[in-house]
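Trainee: Please find one structure pasted underneath; my questions will follow.
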Amino acid sequence: LCVILGQNNQAFIDVMSEALRKPTVAKGGSEVKERLHNYLMETTNHQFNHVHLTTSGTEAAEWAVLMAQKLTGRSEVVTFWNSIHGRTKFGAALSGLPARKVGYGPLAPGVVYAPYPNCNDCPMGKCSCACGGDKGFACLELLDRKYRYESAQDAAAVIVEGYQAAGLCFPPEGYLKALYDWAKSK
């Protein structure tokens, strides 16, 4: 779960200022944590047994992968071109931007990169009318081939952004569901 609060959000500043006037601890409960926990459980219809709070997007991405690896006993992670998953060594390895990786190698093993479904600038050279629906998604077909030939076929997690580039690139209708189905089949 990632929430962008915005710069100079006075309501956020007020809440944080009040919270910082009280003792802060890494462990233990508080009324605010309990309210947040209850809110997350209620808004997800109690689909999850636990909530793990983190301090940054990088930490959230890394812990999501670590938990997936531990729970599945598998090792690989599928991620997408142009994605950003953090500024730590592992977060940068999960990111699909060359600038996050060039000159920092070797990269973390077990990461499979695939094209993000950008219909406005299709990495497959197709127009949006030639993709999706009954035809399938060309970028998902490429992911399937990359996974088959470039990985140990041991995926623990697929880490994908719901949109990229500050909201300018959304996957086509039905893609995320097709990706979910693909991941479940692996």
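Trainee: Ala152 passes all but one of (1) part of a helix (DSSP H, G or I); (2) in contact (Cβ under 8 Å) with a residue 60 or more places away in the chain; (3) open to solvent by 70 Å² or more (accessible area, probe 1.4 Å); (4) not polar (S, T, N, Q); which number fails?
Mentor: (1) is the only condition that Ala152 fails.
Trainee: Now a separate question. Going by the structure shown, is Tyr163 open to solvent by 80 Å² or more (accessible area, probe 1.4 Å) and of a type in the set (Ser, Thr, Tyr)?
Mentor: yes
Trainee: Being within 19 Å of Glu18 (Cα to Cα) and either in contact with a Gly (Cβ under 6 Å, 6 or more places away or on another chain) or surrounded by 11 or more Cβ atoms within 10 Å (Cβ to Cβ) (or both) is the filter here; which residues of the stretch 32-49 pass it?
Mentor: Correct list: Val32, Lys33, Leu36.
Trainee: For the stretch 166-185, what are the residues that are open to solvent by 80 Å² or more (accessible area, probe 1.4 Å) and either at pLDDT below 90 or assigned to a loop (DSSP other than H, G, I, E, B) (or both)?
Mentor: Result: Ala166, Leu168, Phe170, Glu173.
Trainee: Mind listing just one residue for me: the one in the stretch 111-126 that is open to solvent by 30 Å² or more (accessible area, probe 1.4 Å) and part of a loop (DSSP other than H, G, I, E, B) and, of those, modelled with the highest pLDDT?
Mentor: Filtering the stretch 111-126 for residues that are open to solvent by 30 Å² or more (accessible area, probe 1.4 Å) and part of a loop (DSSP other than H, G, I, E, B), the one modelled with the highest pLDDT comes out as Asn118.
Trainee: Just to verify a result, which residue in the stretch 55-92, among those that are open to solvent by less than 50 Å² (accessible area, probe 1.4 Å) and among the β-branched types (Val, Ile, Thr), is modelled with the lowest pLDDT?
Mentor: Thr58
Trainee: Helices (runs of 4 or more DSSP H) wholly in the stretch 22-102 with at least 2 residues that are touching a residue at least 60 places away in the same chain (Cβ under 8 Å) - which ones?
Mentor: 57-72
Trainee: Test Pro171 against the stated conditions and say whether it is within 26 Å of Ser56 (Cβ to Cβ) and in contact with a Pro (Cβ under 6 Å, 6 or more places away or on another chain).
Mentor: Here the answer is yes, as Pro171 does meet what is asked.
The values are calculated or read from the model by the stated rules, or taken from the named source; none is laboratory data. Since the structure is predicted, the reported quantities are computational estimates derived from the model, not experimental observations. Neighbour counts are summed over all protein chains in view; Cβ atoms, including those assigned to glycine, are modelled from backbone coordinates with ideal geometry. Keep in mind that these areas ignore ligands, DNA and RNA; they rest on the heavy atoms of the full protein, side chains included. Shrake-Rupley method; radii C 1.70, N 1.55, O 1.52, S 1.80 Å.
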